[in-house]
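J.: Questions regarding the structure given below will be posed in turn.
The values are calculated or read from the model by the stated rules, or taken from the named source; none is laboratory data. All values derive from a computational prediction rather than experimental measurement. Neighbour counts run over all protein chains shown; Cβ positions are idealised from the backbone, glycine included. Remember, those area values only see protein heavy atoms, side chains included, never the ligands or the DNA or RNA. Shrake-Rupley method; radii C 1.70, N 1.55, O 1.52, S 1.80 Å.
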Amino acid sequence: MAEGLTNQEMAGRLQLSPHTVNYHLRKLFRTFGVGSRIDLLNAAVRAGVLVAPDLRDPDPR
């Protein structure tokens, strides 16, 4: 999700059904008490679960 993938794209990469991806995202939204993907990413960064990329780096890979 942090890479801007759709739920369908995440499902393909993870070899899961889109329903499974939706299920887990809904659980994460409830766990973090957020209502949007952006808010979820921000909450994950604040919790230390996800590291925010350095936007000054032209090739973050």
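J.: Please work out the FRET efficiency for the pair Arg56 and Lys27, using the Cβ-Cβ distance as r and a Förster radius of 35 Å; give the result to the nearest 0.05.
T.: Efficiency computed from Cβ-Cβ geometry: 0.55.
J.: Skip the ligands, DNA and RNA, and give the accessible area per residue of the chain with a 1.4 Å probe, whole Å².
T.: It amounts to 81 Å² per residue over the chain.
J.: Provide Thr31, Thr6 ordered by accessible surface of protein heavy atoms (probe 1.4 Å), highest first.
T.: Ranked from most to least accessible, the order is Thr31, Thr6.
J.: Placing +1 at every Lys and Arg Cβ and -1 at every Asp and Glu Cβ, with all other atoms neutral, what dipole size does the chain have around its Cα centre, in debye to the nearest 20?
T.: Dipole about the Cα centre, nearest 20: 300 debye.
J.: Does the chain come out rounded, prolate or oblate, given a ≥ b ≥ c as the square roots of the eigenvalues of its C-alpha gyration tensor, rounded meaning a/c under 1.5 and, failing that, prolate meaning a/b above b/c?
T.: Oblate.
J.: Sticking with this structure for a sec: Quantify, in whole percent, the carbon and sulfur part of the accessible surface of the chain (1.4 Å probe; protein heavy atoms only).
T.: With neighbouring chains kept in place, the figure for the chain is 55 percent.
J.: In addition: Please identify the helices of the chain, taking whole runs of DSSP H, that span at least 18 Å along their own axis as judged from the Cα atoms and have a mean Kyte-Doolittle score of 1.6 or higher.
T.: Span-like helices here: none at all.
J.: Okay, moving on. Just going by the charge dipole of the chain, with Lys and Arg at +1 and Asp and Glu at -1 on Cβ, which of Leu41, Tyr23, Leu5 is farthest out on the positive end?
T.: Toward the positive end, the furthest listed residue is Tyr23.
J.: Could you give the length gained on full extension between Val34 and Arg46, defined as 0.36 nm per residue of separation minus the Cα-Cα distance, in nm?
T.: 3.0 nm
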